[in-house]
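The values are calculated or read from the model by the stated rules, or taken from the named source; none is laboratory data. Values in this document were obtained by computation on a predicted structure and should not be read as measured data. Positions of Cβ are backbone-derived with ideal geometry, glycine not excepted, and every protein chain shown enters the neighbour counts. Heavy atoms of the whole protein, side chains included, go into the accessibility calculation; ligands, DNA and RNA do not. Shrake-Rupley method; radii C 1.70, N 1.55, O 1.52, S 1.80 Å.
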Amino acid sequence: MKLALTGATGFLGSHLAEALRRGGHEVKLLVRSRDKARRILERRGVWPLETVVGDMADAAAVAALLDGCDAAVH
């Protein structure tokens with residue numbers, strides 16, 4: 001399953017991204033900073049992941065995040 005995930009650079013979101021990947025899911029992230037996501041998720045051993053740069057107030061970024069995903073976790 002391909003999942004869209006927001007908040008992956010935070011404590012809970014980074015652990016969730018790791019658990020989802022280790023569970024065999026594809027994960028697509030909405031991040032404000034790709035560099036920050038890389039730094040955090042490399043430590044968890046799940047980088048690289050597909051990313052969209054933006055935030056929840058950016059309708060185009062949210063649409064790009066959801067494109068091709070089966071579900072979203074926010």
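Surface analysis of the chain yields an accessible area of 59 Å² per residue, using protein heavy atoms and a 1.4 Å probe.
Taking a sphere under 12 Å around the Cβ of Glu26 and counting the other residues whose Cβ falls inside, with K and R at +1 and D and E at -1, yields a net charge of +1.
Using the Cβ-Cβ distance between Ala71 and Phe11 with R0 set to 22 Å, the FRET efficiency works out to roughly 0.50.
Relative contact order for the chain: what percent, with Cα pairs under 8 Å and sequence separation of 6 or more?
Details: 128 pairs, mean separation 28.8, N = 74.
Contact order relative to length: 39 percent.
Counting other Cβ atoms within 10 Å, which trypsin sites (Lys or Arg not before Pro) in the range 1-71 have at most 16 and lie in a DSSP loop?
Working: sites: Lys2, Arg21, Arg22, Lys28, Arg32, Arg34, Lys36, Arg38, Arg39, Arg43, Arg44; in loops: Arg32, Arg44.
Of the trypsin sites (Lys or Arg not before Pro), the ones in loops of the range 1-71 whose Cβ has at most 16 other Cβ atoms within 10 Å are Arg32, Arg44.
Ignoring ligands, DNA and RNA, what percent of the accessible area of the chain is carbon or sulfur (1.4 Å)? Before the final figure, lay out the partial values.
Numbers: 2270 of 4350 Å².
About 52 percent, which is the carbon plus sulfur part of the accessible surface.
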